[in-house]
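Student: There's a structure below that I have some questions on.
Coordinate-derived values only; no laboratory data. All figures in this text were calculated on a predicted structure; none of them were measured in a lab. Heads up, the Cβs are rebuilt from the backbone with ideal geometry, glycines too, and the neighbour counts pull from every protein chain shown.
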Amino acid sequence: MTSSADVRPDLGTAEGRGSVEVRGLSVSLGGRAVLADVSFRVARGGLTAVVGPSGCGKSTLLRILAGLAVAGTVVDGGAVRLPHGDDGRPDVAWMPQGDSLLPWRRTLGNVALGAQVSGTSRREATDAARGLLDRFGLAGFERSWPHELSGGMRQRAALARTVLAGRQVLLLDEPFGALDPITRRDMNGWLAAHREEGVLGDGAAVVLVTHDVDEAVALADHVVVLSPRPGRVVALVDVAALGHDASRRVVLASLG
């Protein structure tokens, strides 16, 4: 059993550079089971979506992978394996729900922050951010304040900041959940269209938590379906093998 002070049990380097492995993970929070025997793997360059009903432990899972579990979280069993950086720490970047842009930084400064927190100098980070803005549809908005951007643009800026951290693993917690349905659909289309161009980084493994089945199937290579709390894996759907329509039916049927 592992306390909230260290909630990534048996932490080690995942098999295969850049991959993520979760093996038999069981977690409780405040004495109540949240996750039960959860296992899945995300290969380098892969995108796996995690779906399930509210309260099933999706965000708890992501926080454990990020090393940011809330107080009272206890890992009762299992293992998480992640790639490590040169500093020996897990090489992950986390994008929480909402854009979390700093209101006192302009777009360019917000995006550059992703590299700065990884130890890059301000000048180098700013140059790298400037080179990324066009790919994220933000060219011409370098000096805009967050409140001057549309919802979709704010989310793209936050995603760009996460990507610019240069980590081997990206953890995205409902990145488009706060958007209206039309903007969310547009963001899904944008990300699906640009993913092959490396918009999510050079071979990063991505774990995406979402409530939206259509979003999961549209963006992911694989979908992990969790049951109501405590979250158990009730389906592992290979979208690439089954196709969009069949995968959607399987996910919906698994959710009941």
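Student: So for the pair His211, Arg32, with labels modelled 7 Å out along Cα→Cβ, what separation do we get in nm?
Tutor: Simple spin-label model gives 1.7 nm for this pair.
Student: Let me ask something else about it. Where Rh is the Kirkwood radius over the Cα pairs of the stretch 104-256, the temperature 20 °C and the viscosity 1.002 mPa s, what D in µm²/s does Stokes-Einstein return? Spell out each step's value before the answer.
Tutor: Numbers: Rh = 16.6 Å.
For these conditions, the coefficient is 129 µm²/s.
Student: In Å and whole numbers, how far do the C-alpha atoms of the stretch 190-256 stretch along each principal axis, longest first?
Tutor: Principal-axis extents of the stretch 190-256 (Cα, largest first): 35, 25, 18 Å.
Student: Could you let me know the centre-to-centre spacing of the stretch 210-250 and the stretch 96-139, using Cα atoms, in angstrom?
Tutor: 31 Å
Student: Return the percentage of antiparallel bridges among DSSP beta bridges fully within the chain, rounded to the nearest 5 %.
Tutor: On the way: 21 of 40 bridges.
Among the beta bridges of the chain, antiparallel pairing accounts for roughly 50 percent.
Student: Where does the stretch 166-213 land on the Kirkwood hydrodynamic radius, alpha-carbon pairs, in angstrom?
Tutor: On the way: mean 1/r = 0.0861 Å⁻¹.
Evaluated over the stretch 166-213, this radius sits at 11.6 Å.
Student: Only four residue types carry charge here, +1 at the Cβ of Lys and Arg and -1 at the Cβ of Asp and Glu. Report the dipole size of the chain about the Cα centre in Debye, rounded to the nearest 20. List each step's numbers first, then the result.
Tutor: On the way: 28 positive and 28 negative charges, 78 e Å.
Approximately 380 debye in magnitude.
Student: Moving to a separate point now. How would Ile64, Ile182 line up from fewest to most surrounding beta-carbon atoms within 10 angstrom?
Tutor: Numbers: Ile64 26, Ile182 9.
Exposure proxy ranking, most exposed first: Ile182, Ile64.
Student: So how tilted is helix 107-116 from the main axis of the chain? Cα-based, degrees 0 to 90, rounded to 10.
Tutor: The answer is roughly 60 degrees.
Student: 222 nm [θ] for the chain, helices only, -39500 (n - 2.57) per DSSP H run of 4+, per residue, to 500?
Tutor: On the way: 8 runs with 83 residues, N = 256.
One gets -9500 deg cm²/dmol as the mean residue ellipticity at 222 nm.
Student: Convex hull over the alpha-carbon atoms of the stretch 82-165: what's its volume per residue in Å³? If you can, show how the numbers build up before the last one.
Tutor: Numbers: hull volume 8.1 nm³, N = 84.
Spread over its residues, the Cα hull of the stretch 82-165 gives 96 Å³ apiece.
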